[in-house]
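Single-structure report; data block below.
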Amino acid sequence: MKGMETENIEIVGIDFGHGETALARLSSSTDDYEPEMIEIFGRKTQITALAYKADRGDLIGDQALKTTGITELHIGFKPLSGNLQSFQHQGIIKRFIRKYLDILEETGQIRGRELTLFIVGTPSGWSNVERTIYADLLKQAGMKRVKVEKESRGAFLQIKESKNSEVHSEMLMKNVLIIDIGSSTTDFTVVSDMEARPLEDFGLDLGASLIEEMIFERTMMRMEKENPDEKKRLVDIFEQFPHFLRQCLIACREGKEKYFSIPEIYLTKDQPVDCSLKFRTMKPAIEFEPLIYKDEIEKILNLPIKSLGCNWKDAFRQALLAAKKKLGETEPNLVILTGGASRMYVVLDISREVFPEPQRITRGLEPEFTIAKGLARIGRIDILSEELKKSVEDIENSRHLRELLEQKIPELIESIAEPLADEFIFYAIAPSLRAWRDGYLRTLNDIRPDIENSKKRWLDSIRGEEARRRLDIWLNNTLLPGLAGYTDPLCKKFDIPRSVLDLRNRNIAAGVNSFEHPAFDPDLLIRSDEVIIITSMIAGIFAGMASGGAGLAVFHLPLAGQVIAAIAGAIIAGFGVEAVTEEIKKRDLPVFSRKWVLSDDRMENIIKEQRAKLLNTIKEQMCYDFTWKKKLMEDILSELKKVLNNQVEKAVMWIR
């Protein structure tokens with residue numbers, strides 16, 4: 001986003017895990033928008049551990065695990081739905097966060113806890129209430145600017161935007177299943193059309209920590225068999241110093257992670273993972289030495305786990321099959337595996353078994369960092385999205401848009417007046433003339449009230465199909481190209497395609513209904529005196545035939561003309577020349593004579609003349625009815641804003 005003027009905000013994405021915590025950093029205005037991992041104690045992730053030592057206070061991560069003389073140790077305290085409102089758990093979380101922030105500030109890794117925007121992940125299934133509680137807790141811990149976001153959204157964005165991702169963007173626009181395998185839980189989230197939703201009631205207590213617990217149990221069983229005294233002594237130590245037990249569990253976790261990183265080098269009992277732990281403060285020193293190698297891990301993965309009711313592999317397989325069933329016919333086009341535990345080959349193997357081709361399974365190059373990096377991206381995208389929305393809102397509320405609309409409205413009125421005039425003629429004038437000609441109206445005097453009734457019906461339900469089509473043409477060819485003069489620079493500024501904010505052919509006209517209800521004065525639309533003139537003209541044709549009522553001239557007329565002339569002559573004889581027109585308008589004349597007098601050509605000439613008068617009247621009323629014109633402008637503005645705001649939501653997807 002070169003040349004963009006915006007506040008440069010430092011963003012830190014935090015994947016607060018049960019087993020490990022990872023932080024990624026990104027700037028809101030940098031041209032290089034690839035997040036970088038924040039290292040503490042030389043590592044990109046830290047064990048989620050909190051310890052206390054009297055002379056040093058709180059310690060976290062590796063510091064907590066490797067410092068001797070501690071009197072308190074907590075591990076695996078990620079906030080979960082079940083413990084979120086526990087005051088004891090909240091206290092541990094706040095201490096952990098505060099110490100983390102202290103270290104980040106002391107090492108210059110953040111500008112300051114009050115300046116940095118922190119984006120902290122939560123499971124997809126959390127409620128808004130739970131997110132609010134968590135956000136308040138984080139603020140109490142010292143994060144002044146903090147937002148909580150779904151971890152699944154972070155994972156999706158990182159896969160979508162990462163330079164190292166091999167997933168084609170088209171795949172991400174379809175149905176995506178995100179499986180986040182953490183230390184304590186496995187969460188399933190479906191992303192369809194880039195909108196995330198958790199699989200209902202489908203966050204499982206199936207995490208990789210169950211495997212390390214099995215490693216611990218089998219290590220203790222082996223000690224019982226090989227050296228029961230040492231095992232008893234170790235149990236006594238655990239009872240006296242509970243934090244030693246937690247350190248042993250951490251050793252099992254680290255050994256498990258080392259094994260699954262390169263399983264091919266730990267093939268036999270003679271080639272185990274080096275993860276032993278020696279308590280030298282005990283006299284004599286005592287060692288906790290897990291044996292982790294290929295056959296042992298396979299046994300652990302296939303041994304029943306009491307809390308699961310089956311082995312880990314079967315539990316994970318059943319979870320995937322259950323997720324697949326919940327998805328129904330909408331099987332995922334893409335399966336994304338995230339979390340450090342997704343490195344385990346068994347996870348990939350079972351996923352491929354349950355979701356075979358053509359589904360594609362991906363886990364990225366560094367799955368343990370996927371969520372932290374994605375959360376940092378969320379912060380950047382949300383900041384820029386808000387700025388884009390504010391910029392669009394400024395355009396919507398600017399005087400420039402109103403001035404543009406005012407400038408173009410006369411052209412719109414000129415355009416839609418014609419179809420409205422034609423519609424009025426079609427529904428309110430022509431039918432009445434035809435009704436008299438065809439004998440459905442008894443006299444010429446009946447035409448005027450019939451037209452008045454038709455006028456009222458038309459004004460109550462103006463159809464305006466052609467006027468709406470003209471409105472659509474006016475929008476696409478006249479108004480919207482002018483609006484593009486304001487939206488195109490925004491697209492360039494935020495590096496999004498111009499077409500995203502191009503409103504042409506977006507069916508805006510469908511929502512603009514003001515032109516269907518203009519405040520026309522019905523008395524001015526084909527006035528009564530104009531209708532009287534029309535009927536008098538028709539009657540005059542009859543009267544004109546009176547000259548043929550005497551002498552031989554009458555025989556030169558067609559039969560209908562002879563009859564008309566005879567009728568006119570009789571009326572003149574009975575009422576006098578002056579009264580003949582009014583008298584004819586009262587008479588129920590023969591239908592065949594009506595059709596001769598009001599021929600198609602005469603009908604067309606009458607309608608053409610009235611259309612010209614009507615068109616001028618409609619234009620004048622539209623132009624000078626400022627209340628209606630203002631309502632029309634407001635309706636168009638409202639629809640423009642609605643469609644533009646919808647497009648902005650789509651434009652957000654393009655922001656990187």
Check your understanding: Setting aside same-chain residues fewer than 8 positions from residue 326, which lysines have a Cα under 19 Å from its Cα?
Key -> 174
Practice item. Please list, or write none, the aspartates and glutamates whose alpha carbon is within less than 13 Å of the alpha carbon of residue 150, excluding same-chain residues fewer than 8 places away. Key: 15, 130, 180, 187, 195
Check your understanding: When the convex hull of the C-alpha atoms of the stretch 86-177 is computed, what volume per residue in Å³ does it have?
Key -> 128 Å³
Revision key, fill the gap. For the stretch 277-435, the percent of all C-alpha pairs falling in each 5 Å bin, from 0 up to the bin holding the max distance, is 2, 6, 7, 8, 9, 8, 7, 6, 6, 5, 6, 6, 5, 4, 4, 3, 2, 2, 1, 1, 1, 0, 0, 0
Review point. Which FRET efficiency, nearest 0.05, do residue 609 and residue 476 yield, Cβ-Cβ r, R0 25 Å?
Key: 0.15
Exercise for review: Go from 0 up to the bin containing the longest alpha carbon distance in the stretch 1-153, width 5 Å each, and give me the % of pairs per bin.
Suggested key: 2, 9, 18, 22, 20, 14, 8, 4, 2, 1, 0
Exercise for review: Evaluate the Kirkwood expression for the hydrodynamic radius of the stretch 344-462, namely the inverse of the mean inverse distance over all pairs of different C-alpha atoms, and round to one decimal in Å.
Suggested key: 22.2 Å
Check your understanding: For the stretch 366-429, which whole percent of the accessible surface, found with a 1.4 angstrom probe, sits on carbon and sulfur atoms?
Key -> 46 percent
**Study point:** Karplus (6.51, -1.76, 1.60) ³J(HN,Hα), θ = phi - 60°, over the stretch 386-397, in Hz, Gly and Pro reported as x
**Key:** 4, 5, 4, 4, 5, 5, 5, 4, 5, 5, 4, 9
Check your understanding: Over its Cα atoms, what ratio of radius of gyration to 2.2 N^0.38 Å does the stretch 206-332 give?
Key -> 1.25
Practice item. Using only Cα atoms, tell me the angle between helix 242-261 and the longest principal axis of the chain; keep it within 0 to 90° and round to the nearest 10. Key: 70 degrees
Practice item. Quick one: P(r) of the stretch 28-99 from all Cα-Cα pairs, 10 Å bins, percents rounded to integers, in order of increasing distance. Key: 18, 41, 26, 13, 3
Check your understanding: Roughly how tilted is helix 87-106, in degrees to the nearest 10 and between 0 and 90, from the longest Cα axis of the chain?
Key -> 90 degrees
**Study point:** Over 20 Å (Cα to Cα) - which of 258/294; 225/299; 256/324; 225/258 fall in this group
**Key:** 256/324; 225/258
Exercise for review: Run the dipole for the stretch 422-465 about the Cα centre, Lys and Arg Cβ at +1, Asp and Glu Cβ at -1, nothing else charged, and hand back the magnitude in debye, nearest 20.
Suggested key: 160 debye
Check your understanding: Suppose every K and R has +1 on its Cβ and every D and E has -1 on its Cβ; what is the size of the dipole of the chain about the Cα centre, in Debye to the nearest 20?
Key -> 420 debye
Practice item. Sort the following peptides by mean Cβ neighbour count (other Cβ atoms within 10 Å, averaged over residues), highest first: 105-116, 327-338. Key: 327-338, 105-116
Check your understanding: Straight-line reach from residue 642: which lysines have Cα under 23 Å away, leaving out those fewer than 8 places along the same chain?
Key -> 389, 390, 408, 492, 493, 629, 630, 631, 650
Point to revise | the chain - percent relative contact order, Cα under 8 Å, separation 6 or more | key: 13 percent
Point to revise | Projected label distance in nm at residue 221 and residue 111, using a 7 Å step from Cα toward the beta-carbon | key: 5.6 nm
Exercise for review: Using 0.36 nm per residue of separation minus the Cα-Cα distance, give me the extension gain between residue 601 and residue 274 in nm, one decimal.
Suggested key: 107.2 nm
Revision key, fill the gap. Counting only protein heavy atoms and rolling a 1.4 Å probe, one gets per residue an accessible area for the stretch 215-258 in Å² of 55 Å²
Practice item. Starting from the Cα coordinates of the chain, work out the convex hull volume and express it per residue in Å³. Key: 207 Å³
Review point. What percentage of all Cα-Cα pairs in the stretch 285-369 are separated by more than 17 Å?
Key: 59 percent
Practice item. Would you work out which of 109, 92, 120 lies farthest towards the positive end of the dipole of the stretch 73-123, given +1 charges on the beta-carbon of Lys and Arg and -1 on that of Asp and Glu, about the Cα centre? Key: 92
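The values are calculated or read from the model by the stated rules, or taken from the named source; none is laboratory data. Everything numeric here is computed off the predicted structure, so don't read it as measured data. Please note: Cβ atoms are built from the backbone with ideal geometry, for glycine as well, and neighbour counts cover all protein chains shown. For accessibility, only protein heavy atoms count, side chains too; no ligands or nucleic acids. Shrake-Rupley method; radii C 1.70, N 1.55, O 1.52, S 1.80 Å.
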